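S.K.: If you scroll down you'll find the structure; I have some questions about it.
The values are calculated or read from the model by the stated rules, or taken from the named source; none is laboratory data. Predicted model, so just to flag it, every value in this text is computed and none were measured. FYI the Cβ positions are ideal-geometry reconstructions off the backbone, even for glycines, and counts take in every protein chain you see. Just so you know, the surface numbers come from the protein's heavy atoms only, side chains and all, with ligands and any DNA or RNA stripped out. Shrake-Rupley method; radii C 1.70, N 1.55, O 1.52, S 1.80 Å.
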Amino acid sequence: MELLHSGKVRDVYADGGDLILVASDRVSVYDVVLPTIVPDKGKILTRLSLWWFEQLADVVPNHVVSATDVPDEWEGRALRVRRLTMLPVEWIARGYLAGLGLKEYQKSGTVSGVALPPGLAEASRLPEPVFTPTTKATEGHDEFITYDDVVAEIGADTAAELRETTLEVYRRGAALAAERGIIIADTKLEFGRAADGTLVLGDEVLTPDSSRFWPMDEWRPGRAQHSLDKQYVRDWSSTLDWDRTPPGPQIPQEVVDATRARYVEVYERLTGTRWE
Ligand code: ATP
Ligand code: MG
């Protein structure tokens, strides 16, 4: 199979008219792939995405063709998907204030140009979920853009449709997770266009690489949250004397284990099934 693209986490192969998306166990923080893998991470991301795609099937069409019709060596970590022309936007919805959203709010009271009420703290719940797109940078870091920038990039109709779909995916996902004691603070989606023009949800969905997950019973605004997602690795890397440029640091075994445990926990709590 022809390797089309090796992303930070996924390798993308062409197979006939389809793609095979292979999720590795690689971890990236601040867009730098670290030299240490987290065992099973790729399989967890793949199985969790697949589960979410099914839960969300009545909200939005997705790119999955098959989770089993893939080469044996990648079984469990690969999906056969429809090849899409990806839109050059990261579709982000936030229900709580964290990460880059928190940073921009503290500076200007807005996120992606959306004015938020004053007096919010780290991890505060927003009055309603907001759409905070970023660029999908091919090089360097993604940056917040306004809704008008998205309109200029892809047109008003597509922008309006996908903003609404992004917020609906977030609301549905957050409601389902809430029943299982998990807050989804924010999430990033990717959409593309199929050959027939349909807008389709691609990539991964509501995973601990693309979202912030917080145990509800430990949620306390005004401080950093206990996070069942990649934030744990970012936080560990922030304790180091590392300037966030390659090469990234080796992850110590106990941090690898604790990261894997978080990914397994969020998979088990959301899907209600054991990870084996
Ligand atoms: P980058 O590609 O910039 O490294 P990344 O690290 O997030 O970003 P990965 O998640 O590792 O990338 O790789 C997945 C790649 O495949 C992304 O570029 C994503 O946009 C793309 N992709 C996902 N689903 C599809 C699809 N159905 N059709 C075409 N491209 C897709
Ligand atoms: Mg990705």
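S.K.: Restricting to DSSP loop positions (anything but H, G, I, E, B) with no more than 10 other Cβ atoms inside 10 Å of their own Cβ, which GluC sites (Glu not before Pro) remain in segment 102-139?
M.R.: Qualifying residues, ordered by number: GLU139.
S.K.: Still on this structure, please answer the following. Taking a probe of 1.4 Å, how large is the accessible area per residue of segment 189-272, in Å²?
M.R.: On a per-residue basis, segment 189-272 sits at 44 Å².
S.K.: Expressed as a whole percentage, what fraction of the accessible surface of segment 152-222 belongs to carbon and sulfur atoms when a 1.4 Å probe is rolled over the protein heavy atoms?
M.R.: Here carbon and sulfur together make up 46 percent of the probe-accessible area.
S.K.: Something else about it: If you average over every viewing direction, what projected area does the convex hull of the Cα atoms of segment 37-173 give, in nm²?
M.R.: Computed as one quarter of the Cα hull surface, the answer is 10.3 nm².
S.K.: While we're here: Quantify, in whole percent, the carbon and sulfur part of the accessible surface of segment 1-129 (1.4 Å probe; protein heavy atoms only).
M.R.: So the carbon and sulfur contribution to the accessible surface is 49 percent.
S.K.: How many percent of the alpha carbon pairs in segment 174-276 exceed a separation of 15 Å?
M.R.: That fraction is 70 percent.
S.K.: Could you report the accessible area of GLU128 in Å², rounded to 10, computed with a 1.4 Å probe on the protein chains as they sit in the structure?
M.R.: Near enough 120 Å² of accessible area.
S.K.: Using only the alpha-carbon atoms of the chain, report the extent along each of the three principal axes, biggest first, to the nearest angstrom.
M.R.: For the chain, the Cα spread along each principal axis is 53, 48, 39 Å.
S.K.: So if I place +1 on the C-beta of Lys and Arg and -1 on the C-beta of Asp and Glu, and nothing else carries charge, what would the dipole magnitude of segment 1-148 be about its Cα centre? I want it in debye, nearest 20.
M.R.: In total the dipole reaches around 360 debye.
S.K.: Under 24 Å Cα-Cα from LYS43, which lysines qualify once same-chain neighbours fewer than 8 residues away are excluded?
M.R.: The qualifying lysines are LYS8, LYS188, LYS230.
S.K.: Based on alpha-carbon positions alone, could you give the equivalent ellipsoid semi-axes of segment 152-207 from the gyration tensor, as √(5λ), descending, whole Å?
M.R.: 25, 12, 9
S.K.: Could you give the size of the charge dipole of segment 92-198 about its Cα centre, using +1 on the Cβ of each K and R and -1 on the Cβ of each D and E, expressed in debye and rounded to the nearest 20?
M.R.: Result for segment 92-198 is approximately 460 debye, rounded to the nearest 20.
S.K.: Now for a separate question. With label points built 7 Å along Cα→Cβ from the Cα atoms of LEU240 and GLU153, find their separation and express it in nm.
M.R.: The modelled label-to-label distance comes out at 3.0 nm.
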